[in-house]
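Below is one structure; the comments refer to it alone.
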Amino acid sequence: MDSISETNNSTHVNPFFTEWDTPHGTVPFDKITIPDYEEAFIEGIRRDNEEIDKIVNNPEEPTFDNTMIFRDEEKGEHYYDLLDRVSNVFSCMLSAETCDELEELAQKMSPILTQHANDVRLNPKLFARIKQVYENHRELTPEEDMLLQNSYDGFVRSGALLSDEGKEQLRQLTEEAGLLTLQFSQNLLKEMKAFTLHLTDEADLDGLPDSAIEAAAQAAREHDKEGWLFTLDAPSYTPFMTYSTRRELRRQLYMARNTVCIHDNSENNLRICQRLINLRREMAQLLGYDTYADYVLVHRMASSTENVYKLLNDLIDAYKPTAINERDELKAVAKADLGDEKMQPWDSAFYSHKLKMEKYNLDAEMLRPYFQLDKVIEGVFGLANRLYGITFKENADIPVYHPDVKAYEVTDRDGSYLAVFYADFHPRKGKQGGAWMTEFQGQWIDRKGNNVRPHVSVVMNLTKPTDDKPALLTLGEVETFLHEFGHSLHGMFANTRFESLSGTNVWWDFVELPSQFMENYAVERDFLRTFAYHYQTGEPLPDELIDRIINSRNFMVAMACLRQVSFGLLDMAYYTQREPFEADIMTFEKEAWKPAIIGRQLNDTCMTVQFSHIMAGGYAAGYYSYKWAEVLDADAFAVFKREGIFNPATAQRFRDCVLSRGGTEHPMTLYKRFKGAEPTIDALLERNGIKKTVTT
């Protein structure tokens with residue numbers, strides 16, 4: 001169905017209802033208007049319902065083919081799922097390029113979309129057919145078996161076996177949770193963008209590197225202000241906290257960052273978090289689980305809360321003694337400046353930098369001139385070419401949603417088209433903080449054997465160029481790029497039959513393996529030599545600086561580990577609740593992560609209200625996944641270290657066994673196929689220089 005409406009006194013055809021004549025059928029961002037989204041959502045729901053009606057009213061005996069992979073043949077090989085298409089684009093825009101109108105539409109559509117999802121999952125006739133196939137089917141391939149298992153489990157875990165009263169109760173809980181997660185994210189974005197530190201006295205810039213000063217001056221100009229403007233975005237916040245000698249200003253910025261969404265205003269997230277914790281507990285218990293964590297971990301490699309806590313506690317045991325030594329070393333450096341005055345949280349980055357300079361004479365600003373973004377891009381793409389034989393070519397004909405975004409065609413080793421890759425590098429108004437990978441189109445193979453290739457996107461908030469300098473990154477930002485690029489490789493190499501099993505559609509504690517694996521290359525000498533050249537002189541990054549990078553790799557590594565573990569403990573504390581959660585969030589938080597905390601805590605700060613991963617990002621009862629996957633990535637990279645970090649045969653095995661297979665088999669089966677054995681924690685401890693060996 002085509003839709004024609006009046007827009008700006010001219011006819012407008014909703015692009016979502018047409019085939020896209022763009023390169024590789026990419027999203028025609030320049031043609032989409034905000035009203036198009038709502039119209040496409042509603043039509044997508046109608047088409048979904050129409051197709052489900054045909055499945056449930058099919059008089060034939062239910063089979064895998066006529067129930068699990070039904071497609072109306074009259075739609076032909078180019079049929080696409082409209083609801084998926086508009087949902088993918090809309091969710092990407094809501095994170096990367098939002099506005100008030102999109103936010104309002106998201107609020108309007110959230111209950112409608114949740115209701116539709118519930119209508120599908122709680123459709124008794126549809127479930128009856130799937131159940132019949134589940135209990136009596138032909139011999140299936142491993143991928144078909146996984147699709148059937150996931151579908152059956154998905155219906156059961158969504159309430160298909162509940163009474164009518166239970167189903168209605170679950171509907172209400174999921175619809176409320178959907179609205180609250182959206183409100184959580186919107187509140188956080190507004191609070192993060194609302195604060196600025198505006199300086200007009202040049203003396204207040206003491207200690208700051210030129211790159212931070214230039215960026216702040218440009219930010220001030222963009223806001224029609226004199227002087228310098230600092231924000232809570234990482235490229236602005238982090239250098240200020242690291243270098244500024246103005247302790248009071250560091251305190252102001254720190255407190256602004258760590259008190260977002262707890263103020264007495266409409267963006268307060270405290271009650272939202274408390275309610276989300278209870279909603280998820282109620283949903284899990286309605287479905288027969290003791291806690292939400294028990295519900296989640298059924299489909300995780302960890303499999304149980306006991307195994308999660310064992311990992312976290314093993315890490316505490318292994319790393320805490322070293323972390324305490326690191327903390328004491330840091331406090332000693334601070335004491336030389338502060339005397340009897342206690343070191344505060346807003347001092348940590350500043351004195352950590354001083355200590356790193358004392359021990360290694362290494363500073364992020366020393367490296368920044370060698371990490372020009374354009375060259376880093378060449379280096380990362382070159383690494384992918386060296387490992388996997390793929391190439392990237394920018395294509396200006398592919399529409400993008402903002403001038404900052406670059407779009408690339410990706411070709412495989414044999415020259416065939418592999419994927420479209422979008423890269424969105426810099427912070428701006430309307431863009432969430434952090435970094436992530438997502439897809440505008442997944443990968444699947446249609447009934448005629450056409451391999452529909454993915455369109456993946458990496459969104460980051462890296463240092464922006466200034467009027468005088470190109471974008472020059474820190475080593476940490478290079479690692480962030482490599483991390484998200486690892487996710488994108490997982491998406492681009494997808495080669496599965498079913499879209500719901502392709503690419504990053506894997507269990508949460510496996511999804512970070514490809515991304516964290518790529519981070520290993522950031523401190524490899526032979527990789528750095530491929531792209532790290534001074535942006536002015538063209539001189540390569542000196543061996544002496546590379547030596548310092550390698551030697552300092554484990555600087556404060558134990559404290560960093562405990563920080564991640566503390567987040568995992570907090571997450572598990574919330575989602576192992578068996579009774580209604582009525583505790584004060586700010587007090588509960590401090591107690592929950594206490595076993596991993598070795599520094600000073602402030603009573604009037606709060607992490608939970610900005611912890612998007614576990615409140616709105618899909619990591620509820622799953623934040624431990626980063627540490628779980630770190631065990632995997634260290635173990636996997638140890639294989640590359642033995643066989644050669646650029647060894648194409650090893651890389652091809654990793655691609656074939658892990659990156660291309662998505663969620664078609666159990667993650668441990670895929671990993672063991674690559675390595676030949678299960679992973680151990682030993683490689684991680686060795687990489688981090690931690691002596692104690694424990695087993696998981």
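Please work out whether the range 226-276 counts as rounded, prolate or oblate from its C-alpha gyration tensor, where a ≥ b ≥ c are the square roots of the eigenvalues and a/c under 1.5 means rounded, while otherwise a/b larger than b/c means prolate and anything else oblate?
Here the range 226-276 falls in the prolate category.
Quick check for you: with a 1.4 Å probe and neighbouring chains kept, what is the accessible area per residue of the range 559-696, in Å²? Could the numbers behind the result be given before it?
On the way: 5430 Å² over 138 residues.
Accessible area per residue, the range 559-696: 39 Å².
Would you mind telling me the share, in percent, of accessible area of the chain contributed by carbon and sulfur at probe 1.4 angstrom? Could you put the intermediate results ahead of the total?
Values: 14130 of 29750 Å².
Here carbon and sulfur together make up 47 percent of the probe-accessible area.
When the Karplus curve 6.51 cos²θ - 1.76 cosθ + 1.60 is applied with θ = phi - 60°, which whole-Hz ³J(HN,Hα) does each residue of the range 209-216 get, with x for Gly and Pro?
Rounded to whole hertz, the list is x, 4, 4, 5, 5, 5, 5, 5.
Kindly rank 529-542, 606-619 from highest to lowest mean number of other beta carbons found within 10 Å of each residue.
606-619, 529-542
Which ³J(HN,Hα) values, rounded to whole Hz and listed in residue order, are derived for the range 465-478 from phi using the Karplus coefficients 6.51, -1.76 and 1.60 in 6.51 cos²θ - 1.76 cosθ + 1.60 with θ = phi - 60°, glycine and proline given as x?
Working through the residues one at a time gives x, 10, 5, 9, 9, x, 5, 10, 9, 8, 4, x, 6, 4 Hz.
If a/c stays under 1.5 just call it rounded; otherwise compare a/b with b/c (prolate if a/b is bigger, oblate if not). Do that for the range 543-664, with a ≥ b ≥ c from the square roots of the Cα gyration tensor eigenvalues.
It is oblate, given that a/c is not under 1.5 and a/b is not larger than b/c.
If you put +1 on each Lys and Arg Cβ and -1 on each Asp and Glu Cβ, how big is the dipole of the chain around its Cα centre, in Debye rounded to 20? Mind showing how you got there, number by number?
Values: 75 positive and 111 negative charges, 418 e Å.
Dipole magnitude for the chain comes out near 2000 debye.
For the range 11-128, how many pairs of lysine residues have a Cα-Cα distance under 27 Å, where the two are 8 or more positions apart or belong to different chains? Before the final figure, lay out each step's value.
Numbers: K31/K75; K31/K108; K54/K75; K54/K125; K75/K125.
The result is 5.
Sort largest first and round to whole Å: the equivalent ellipsoid semi-axes of the chain, each the square root of five times a Cα gyration tensor eigenvalue.
The three semi-axes for the chain are 40, 29, 28 Å.
Classify the range 606-696 from the C-alpha gyration tensor, please: rounded if a/c falls under 1.5, else prolate or oblate depending on whether a/b exceeds b/c. It would help to have the intermediate numbers written out before the result.
Numbers: a/c = 2.23, a/b = 1.41, b/c = 1.59.
Because a/c hits 1.5 or more and a/b fails to exceed b/c, the range 606-696 counts as oblate.
Using alpha-carbon positions, what is the distance between the centroids of the range 353-380 and the range 651-670, in Å?
34 Å
Whole percent per 5 Å bin, from 0 to the bin with the longest distance: what is P(r) over all C-alpha pairs of the range 476-635?
2, 8, 12, 16, 15, 14, 12, 10, 7, 3, 1, 0, 0
Using alpha carbon coordinates only, what is the Rg to Rh ratio of the range 296-430, with Rh defined as the Kirkwood radius?
1.13
What's the center-to-center distance, using Cα atoms, between the range 535-585 and the range 432-500 in Å?
Here the answer is 22 Å between Cα centres.
When the Cα centres of the range 303-325 and the range 263-290 are compared, how far apart do they sit, in Å?
27 Å
What pairs in K356/K641; K190/K429; K429/K464; K193/K354; K335/K359; K193/K464 have C-alpha atoms more than 19 Å from each other?
Where the Cα-Cα span goes over 19 Å, the pairs concerned are K356/K641; K193/K354.
For the range 546-595, which GluC sites (Glu not before Pro) are in a loop by DSSP, counting at most 10 other Cβ atoms within 10 Å?
E582
The values are calculated or read from the model by the stated rules, or taken from the named source; none is laboratory data. Computed from a prediction, not measured in an experiment: that's the story for all the values here. Don't worry about glycine lacking a Cβ; one is built from the backbone with ideal geometry, like all the others, and counts go over all protein chains shown. We work out accessible area using only protein heavy atoms, side chains counted, and drop any ligands, DNA or RNA first. Shrake-Rupley method; radii C 1.70, N 1.55, O 1.52, S 1.80 Å.
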